[in-house]
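Participant: This is the structure I have questions about; it appears just below.
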Amino acid sequence: MAITVADIEQKEFTYKGAGYDPYDVDQYLDQICDEMVAMQDRIDQLEADLVKARQDAENAVSIVKPVQPEIVRSEETAPVAKTSQTLENILLSAQKLADGAVEDAKHKADMIVKDAQDKATSIIEDAKEEKATLEKGLETLHASANEFKKSFLSLVDGQKELLNSNLSLFTDDKK
């Protein structure tokens with residue numbers, strides 16, 4: 001009969017004479033229960049890992065089809081496995097796949113670099129156009145400022161001449 005955590009927790013001992021301290025016994029039984037719970041959790045985790053590992057192994061076996069070596073009978077009818085030829089074929093296939101992956105990666109890298117260069121060229125061209133537009137606007141502002149300055153100075157000079165010509169109005173001729 002298997003002892004469970006519940007069995008331990010519910011167990012009641014009878015008191016006889018000067019036996020063990022019931023508090024100490026209860027504490028120890030609680031520690032045993034905690035340890036059993038931890039071990040059961042670990043067992044459950046390991047069983048789940050085992051199930052997953054078995055599924056992964058089954059998946060791997062179903063994906064990889066084992067290569068059966070060809071058996072050739074020589075004149076003496078001794079079986080000779082052609083495993084070296086099979087291994088060579090596997091290595092050649094793996095090398096071809098690796099070469100293809102490298103070429104694909106190089107092609108993708110070249111495309112990324114080309115795209116980046118195209119974007120950089122576009123950004124530079126846009127910046128140059130914006131610079132030219134801003135420079136034209138600045139030239140227009142300078143020309144407008146100079147025109148305003150000339151106009152304002154002309155106005156001030158006109159007002160100065162007017163004040164000078166009417167200076168007699170401000171002087172006292174009755175002296």
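Computed from the coordinates by the stated procedures, all read-outs in this text should not be read as laboratory data. Here the structure is a predicted model, which means the values were calculated and not measured. No Cβ is skipped: glycine too gets one built from the backbone with ideal geometry, and neighbour counts run over all protein chains shown.
Participant: Among the aspartates and glutamates, which have Cα under 16 Å from the Cα of LYS114 when same-chain residues fewer than 8 positions away are ignored?
Facilitator: Counting by Cα, and skipping residues close in sequence, LYS114 has these aspartates and glutamates nearby: ASP104.
Participant: P(r) of the stretch 108-164 in 5 Å steps, Cα pairs, percent per bin?
Facilitator: Once binned at 5 Å, the Cα pair distances of the stretch 108-164 give 4, 16, 9, 11, 9, 7, 9, 6, 7, 5, 5, 4, 3, 3, 2, 1, 0.
Participant: Would you mind counting up the charge near GLN55? Only other residues with Cβ under 14 Å from its Cβ, with Lys and Arg at +1 and Asp and Glu at -1.
Facilitator: Once all neighbours under 14 Å are counted, the net charge is -2.
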